[in-house]
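A.B. asks: Structure provided below as structure tokens; questions to follow.
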Amino acid sequence: MKAGRLLALLACGSIAASCGSSGASQTGYHDVLLARDVDTLEARVPRNATLQSLLRAHEASSGLADAIVGAVRARFDPRRLRADQPYRLITSLEDGGFREFRYTMDADRFLRVALRDSDSEAEPQFDVEVVEYPKEIVTDAVRVEITHERPSLWAALDDRGEDIRLALLLADAFSGEVDFNSDLQADDYSEVLFGRILRDGQFTGYDDVKAATLYNDGRFLTAIRYAGPDGREAWYDAEGRSLKRLFLKSPLGFEPRITSSFSNRRLHPVLNIVRAHRGVDYRAAYGTPVIAVSAGTVVEAGWAGGAGRRVAVRHASGYVSAYFHLSAIAAGIRPGVRVAQGQTIGKVGNSGTVTATHLHYELKKNGVAVNPVTEHRNMPPGVPIPADAMPAFLVERDRLLNELHAALVPSDVPATSRGQ
């Protein structure tokens with residue numbers, strides 16, 4: 001049944017008198033005999049549109065558009081329509097009057113604005129709600145291999161039909177142990193147990209990763225998602241040790257590569273002089289999000305001469321991290337603001353004295369520049385699972401790892417990971 005005809009049926013069912021009863025049986029209405037009294041338009045939001053401009057483009061009067069926008073404000077910012085998101089406008093066939101508007105906010109929710117039935121001549125009233133799409137979460141698992149042809153986690157997952165969202169979730173599990181910019185090697189592999197979100201039988205996104213393993217350069221790592229001593233879910237290894245460290249190994253995702261390492265003597269590519277390079281340069285696409293490697297307080301956020309747009313964050317234990325050459329600083333990032341580990345603070349760019357787009361990342365301890373790559377190895381892990389909670393953790397660990405291996409195709413499970 002076409003969408004417009006179905007919506008007409010629903011509308012007629014609620015106001016049966018206007019639809020007539022010639023086709024009615026004792027058990028209900030036969031939809032093939034009902035007159036359609038609404039018209040349905042389905043389209044996508046154009047660039048730079050607001051709810052007001054969208055309604056006006058469909059010949060709504062300024063008064064009606066203002067009334068709808070006013071009703072929506074309590075539930076949704078009408079200026080924040082996103083380009084290319086689907087929307088549906090339902091109007092009356094009789095007079096073209098507004099009946100309903102639906103806008104897909106994201107994969108989980110849509111905004112619904114419906115004209116409220118009224119016999120009075122007063123101003124129109126609207127029912128406004130944010131509705132969650134019915135969805136199903138199906139547990140699934142996948143194994144991916146790092147090769148010369150697929151050298152990144154993203155590329156390996158893409159080869160298996162998955163997308164970058166799963167790569168980000170998986171990278172988060174091991175972000176305290178592995179720098180996905182430089183640590184992955186050919187013949188590394190990973191297995192991940194996760195939830196696949198379906199809407200009307202169609203894939204729309206990923207639920208949390210539950211467990212994962214990673215074979216990396218001779219190491220076999222396990223990540224189990226579990227509620228720790230503070231009641232919050234976090235990542236732990238197979239022995240209940242926290243995988244979270246004070247600092248993440250990288251301020252970027254996992255696709256970029258280190259192009260210039262920490263050095264006391266380096267020929268500057270622009271100034272053509274030898275001087276110390278007190279940080280690490282990461283190659284990354286223009287606009288790539290830059291995240292805070294640890295929780296802390298912003299101490300600098302603005303233009304810094306040859307460093308371009310720069311953000312510096314003060315952390316615990318005397319550390320300060322700094323991020324140079326940004327194309328933009330994230331909204332709300334200013335001196336004095338607290339940031340969380342993993343929070344976006346800016347975007348990769350080429351501001352200041354540079355020859356190419358990249359991120360320069362520095363780390364100081366007690367005012368002295370240290371090599372971020374080697375310093376990370378000396379940082380202690382987070383709080384482990386307490387001894388009295390270990391039996392319950394081990395039961396959950398075994399359950400999740402058994403579920404992970406059972407969900408994989410048997411031939412996909414390498415011998416080195418069986419029984420781990």
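The values are calculated or read from the model by the stated rules, or taken from the named source; none is laboratory data. All figures in this text were calculated on a predicted structure; none of them were measured in a lab. So basically every Cβ, Gly included, is an ideal-geometry build from the backbone, and we count neighbours across all protein chains shown.
A.B. asks: Which condition number in (1) in contact with a Lys or Arg (Cβ under 6 Å, 6 or more places away or on another chain); (2) modelled with pLDDT under 90 is the one that V138 fails?
C.D. replies: Among (1) in contact with a Lys or Arg (Cβ under 6 Å, 6 or more places away or on another chain); (2) modelled with pLDDT under 90, the lone unmet condition for V138 is (2).
A.B. asks: Restricting attention to the range 50-75, which residues are in a loop (DSSP other than H, G, I, E, B) and surrounded by fewer than 19 Cβ atoms within 10 Å (Cβ to Cβ)?
C.D. replies: Scanning the range 50-75 gives T50, H58, E59, S61, R73, A74, R75.
A.B. asks: In the range 198-215, which residues are crowded, with 18+ Cβ neighbours inside 10 Å and touching a Phe, Trp or Tyr at 6+ places or on another chain (Cβ under 8 Å)?
C.D. replies: Y206, V209, K210, A212, T213, L214, Y215
Listed here are the residues, each with its yes/no results for (1) among the acidic types (D, E); (2) touching a helix residue (DSSP H, G or I) at 6+ places or on another chain (Cβ under 6 Å).
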position	(1), (2)
D77	yes, no
R88	no, no
D95	yes, no
A141	no, yes
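A.B. asks: Quick check: anything in the range 302-316 farther than 14 Å from L359 by Cβ, modelled with pLDDT of 95 or more and of a type in the set (F, W, Y)?
C.D. replies: yes
A.B. asks: Considering (1) under 30 Å from D200 (Cα atoms); (2) modelled with pLDDT under 85; (3) loosely packed, with under 12 Cβ neighbours inside 10 Å, say which one E123 fails and leave the rest.
C.D. replies: Evaluating E123 over (1) under 30 Å from D200 (Cα atoms); (2) modelled with pLDDT under 85; (3) loosely packed, with under 12 Cβ neighbours inside 10 Å leaves (1) as the failure.
A.B. asks: Which of the residues belonging to the range 331-369 are under 17 Å from R309 (Cβ atoms), among the small types (G, A, S) and assigned to a loop (DSSP other than H, G, I, E, B)?
C.D. replies: A331, G332, S351, G352, A356, listed by residue number.
A.B. asks: Moving to a separate point now. Is it the case that the range 324-335 has a residue that's touching a Ser or Thr at 6+ places or on another chain (Cβ under 8 Å), among the basic types (K, R) and surrounded by fewer than 23 Cβ atoms within 10 Å (Cβ to Cβ)?
C.D. replies: So far as the range 324-335 goes, no, none of its residues is touching a Ser or Thr at 6+ places or on another chain (Cβ under 8 Å), among the basic types (K, R) and surrounded by fewer than 23 Cβ atoms within 10 Å (Cβ to Cβ).
Listed here are the residues, each with its yes/no results for (1) farther than 24 Å from D66 by Cβ; (2) assigned to a strand (DSSP E or B); (3) in contact with a Phe, Trp or Tyr (Cβ under 7 Å, 6 or more places away or on another chain); (4) polar (S, T, N, Q).
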residue: E129; (1), (2), (3), (4): no, yes, no, no
residue: V142; (1), (2), (3), (4): yes, yes, no, no
residue: P151; (1), (2), (3), (4): yes, no, no, no
residue: W154; (1), (2), (3), (4): yes, no, yes, no
residue: L157; (1), (2), (3), (4): yes, no, no, no
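A.B. asks: Within the range 140-158, identify whether any single residue is in contact with a strand residue (DSSP E or B) (Cβ under 9 Å, 6 or more places away or on another chain), β-branched (V, I, T) and in the same structural domain as V72 (by TED's automatic domain parsing), and answer yes or no.
C.D. replies: no
A.B. asks: Restricting attention to the range 385-404, does a residue exist that is at pLDDT below 90 and not in a loop (DSSP other than H, G, I, E, B)?
C.D. replies: Looking for residues that are at pLDDT below 90 and not in a loop (DSSP other than H, G, I, E, B), one finds none in the range 385-404, hence no.
A.B. asks: Still on this structure, please answer the following. So which pairs qualify, if the first residue must be in the range 143-167 and among the polar types (S, T, N, Q), the second must be modelled with pLDDT of 90 or more, the Cβ gap must be under 6 Å, and the two must be at least 6 apart or on different chains?
C.D. replies: T147/A186
A.B. asks: On the given criteria, is A155 under 30 Å from A292 (Cβ atoms) and surrounded by fewer than 19 Cβ atoms within 10 Å (Cβ to Cβ)?
C.D. replies: Judged against the criteria, A155 is a match.
A.B. asks: Where in the range 180-249 are the strands (runs of 3 or more DSSP E), entirely inside, with at least 1 residues that are within 24 Å of G161 (Cα to Cα) and in contact (Cβ under 8 Å) with a residue 40 or more places away in the chain?
C.D. replies: Here the list reads 189-199, 202-216, 219-227.
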